[in-house]
Structures are given as C-alpha cells and as structure tokens.
Amino acid sequence: AAHGGLPEEGIDANMHMAAVMQELSLMSDQLKQTKAHPLLGRPSIHIPVIKGGTAHFMYADQCRLILERRSLPGEKEKDTLKSLKAINEKLLKKQINAEVSTLMWRDAFEGDKEGLMATSLCDAIKDITGKNANFIGHSWWEDSALISAKGIDTVIFGPTGHGLHAAVEWVELQSVVTMADILFKTVTNYCNTAK
C-alpha cells in the first residue's frame, strides 16, 4: 500500500486484478464454445464478489475476488483448479502475483434415467397423473449430488411452483397433494421391484 501521490512506492492490486479478470473473461468465452450438456447447457464462470483497497487516495495493497465456476457432470475440481492456476502462472510472468484456492467444490449431479429409483418414479407419475414424466436440468446445486456420490440411487422431484429463493416463493397446493400420492406410489413400486 502507498499514498496515491507516490506511485513509485505502491503496487495497485486493483489494477492487477483487472488483468486477472481479463483472463477470466477469456476463460468464460472459451467455456461458451464447449459442447453443451443436453439438459444443463454449458459450464460457466462469473465473478459475484470483488473487494480491493482500504481508502481514497491510497494504492490498494490487495484485491480479492470470489468466482463461481458452474460445472457439468464429469468435470472434476482438480482440472478446474489447474486451469485457474494456469492463469496465475501466466500473470506471474508479467509481475502480477495472484493466488487461487477453493472455497467450496460440489460435483455436478446427473441422475440415472434407467435406474430403479427413476423408473419407479416415472411409473408412479404415469399411474397417478396419466402423463409421462419430463426429465429436466437445472443449474443450481442440491444435496442429491452428495447422496449419489455415496452410490445411492437418487432422483430430484417436487411440486409445481414459482419464485425459487425469491421474496415470494410458492407451490400449488394441489401439486403437493399429487406429489404425496406419487411419492407413496414410487416407494411401493421401488420396494416391490427391489425384492
């Protein structure tokens, strides 16, 4: 850190972070060119938080950003971390010192459409509603990935609604009743088939 009037004494961490952000922007562009997952689309990277500096008229001695790298099934933490550390190595040649560490990593989840749990659920949906189940993808994370990682056949299923994590979040009451019937039938199907 140094006084803003003493540029020869300060290292502007915020300006250095701009170089890091430029590299992350290039990485984001590259991710947009990768093969899309049929339900989840492409992986992504974004910067939700950036903080640097302590006061006006001072060179920032440090700048920190938090990035979120949305992964797809099959992508591993070590490979993602390696690609981010490659940015650091590139910038070190320009006298920009950056560090990267993982705050949290969660493997992406993809259910087995042919698994006993999924087929039991699909059969129950058909029996209760007369309609075929739709398989969808979503880009947020749930505990299903942890359960599946332990070898437990896993599906995600829920009622109809809107406003996920919004100020007004709701589900349709009748869909909750229907869901309960479907879940009961799914358990019955699963237990009868698993014998």
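Pairing residues of the stretch 1-30 that are at pLDDT 90 or above with residues that are in a helix (DSSP H, G or I) and not aromatic (Phe, Trp, Tyr), at Cβ distances under 6 Å and at least 6 apart in sequence or on separate chains, gives 19/91; 23/87. The single condition among (1) open to solvent by 70 Å² or more (accessible area, probe 1.4 Å); (2) of a type in the set (A, V, I, L, M, F, W, C); (3) assigned to a loop (DSSP other than H, G, I, E, B) that residue 105 does not meet is (1). Cβ-Cβ contacts under 8 Å between residues 6 or more apart (or on different chains), taken from a first residue in the stretch 55-78 that is closer than 30 Å to residue 8 by Cα to a second residue that is of a type in the set (Ser, Thr, Tyr) and open to solvent by 90 Å² or more (accessible area, probe 1.4 Å), are listed as 60/54; 61/54.
Going by the structure shown, is residue 14 under 24 Å from residue 103 (Cβ atoms) and open to solvent by 60 Å² or more (accessible area, probe 1.4 Å)? For residue 14, the condition - under 24 Å from residue 103 (Cβ atoms) and open to solvent by 60 Å² or more (accessible area, probe 1.4 Å) - is met. The single condition among (1) among the small types (Gly, Ala, Ser); (2) farther than 30 Å from residue 70 by Cα; (3) surrounded by 14 or more Cβ atoms within 10 Å (Cβ to Cβ); (4) without any contact (Cβ under 8 Å) to a residue 40 or more places away in the chain that residue 130 does not satisfy is (3). Here residue 189 fulfils each of the conditions (1) out of contact with any Asp or Glu (no Cβ under 8 Å at 6 or more places or on another chain); (2) over 30 Å from residue 69 (Cα atoms) apart from (1).
The residues of the stretch 88-102 that are of a type outside the set (A, V, I, L, M), part of a helix (DSSP H, G or I) and open to solvent by 40 Å² or more (accessible area, probe 1.4 Å), listed by number, are 89, 90.
The values are calculated or read from the model by the stated rules, or taken from the named source; none is laboratory data. A quick note: this is a predicted structure, and the numbers were derived from the prediction, not measured. Quick reminder, even Gly has a Cβ in these numbers, built from the backbone with ideal geometry, and neighbours come from all protein chains shown. Ligands, DNA and RNA are excluded from the accessible area calculation, which covers all protein heavy atoms including side chains. Shrake-Rupley method; radii C 1.70, N 1.55, O 1.52, S 1.80 Å.
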